[in-house]
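All of the numbers you see were taken from the coordinates with simple rules; none came from a lab. Bear in mind that the values here come from a model prediction, so they are computed numbers and not experimental data. Cβ coordinates were reconstructed from backbone atoms using ideal geometry, including for glycine residues, and neighbour counts include every protein chain displayed.
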Ligand SMILES: Nc1ncnc2c1ncn2[C@@H]1O[C@H](COP(=O)(O)OP(=O)(O)OP(=O)(O)O)[C@@H](O)[C@H]1O
Ligand SMILES: [Mg+2]
């Protein structure tokens, strides 16, 4: 502990306003369909940025491009100034963690074990050490468990540590996904519909959790359909419609934009209509066959 009255210096990459994520010209094509069309997006340190848009707009596909699940057809993704290799484990190692629209937990593992899995990118103990279970391994394991329990307490799940993940109510499963993502010590957290299926009370609690994560120095990019959640939380919000970012700004800017209103009311969007017709992109896809990569 320091007794100095000089304010602690933030690391250079944590200064407010420093770009954490810079996506430039990201395009993702599936055959004839352009799901993400030339999207630029920056998230700065200390920010909570929202990503909204109608069903099938390309939001999850964009996340998949950021996290290496998809190799974008074109464009680059930089994290703290370095271009990311399009491999999920390398992206996690670099410092980006995510949750999934369709919850991906190890259903038959305990809550604590799920978080421990999320820590493996940050533990140095190798295979031999694990097999031999030497003092180094035992120390690392004890530290990991302690850290995992801290994260569970932070997310309000420590009392469920020994429960099987599949026995948690839906809202708590979403929180567990967040705890597991935090276990990799990210600098940026991507949340894909974190409140889907939650009741209003759980949603308000999730807002508090997201603010608390931001206060730990983790930048956040969040996809949500719940506009109240988005506008309560986000410093900035970008709107995707048919793969294109049509507007980005604060609550006022987004809410008053004619194109956003038109997109949500379902009327065709000028320009994008032609692109959609050319590629046969569904305007509001809820096609369950695409859920595998979400
Ligand atoms: N792996 C894939 N192969 C082919 N098409 C895909 C694939 N993944 C997504 N798509 C298509 O890309 C478009 C964008 O889908 P995406 O899931 O990114 O939308 P979204 O904005 O996340 O929608 P929602 O709000 O419903 O989650 C859709 O037309 C979808 O069918
Ligand atoms: Mg989605």
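Here are some notes:
- With 0.36 nm allotted per residue and the present C-alpha distance subtracted, the residue 120-residue 162 stretch has 13.2 nm of extension available.
- Burial order of peptide ranges 221-228, 51-58 (average beta-carbon count within 10 Å, highest first): 51-58, 221-228
- Nearest-0.05 FRET efficiency for residue 143 and residue 225, computed from C-beta distance (R0 41 Å): 0.60
- Label-point separation, residue 208 to residue 42 (7 Å along Cα→Cβ), nm: 3.4 nm
- Separation of the residue 255 and residue 27 label points, Cα + 7 Å toward Cβ, nm: 3.6 nm
- Calculated FRET efficiency for the pair residue 185/residue 76, C-beta based, R₀ 25 Å, to 0.05: 0.55
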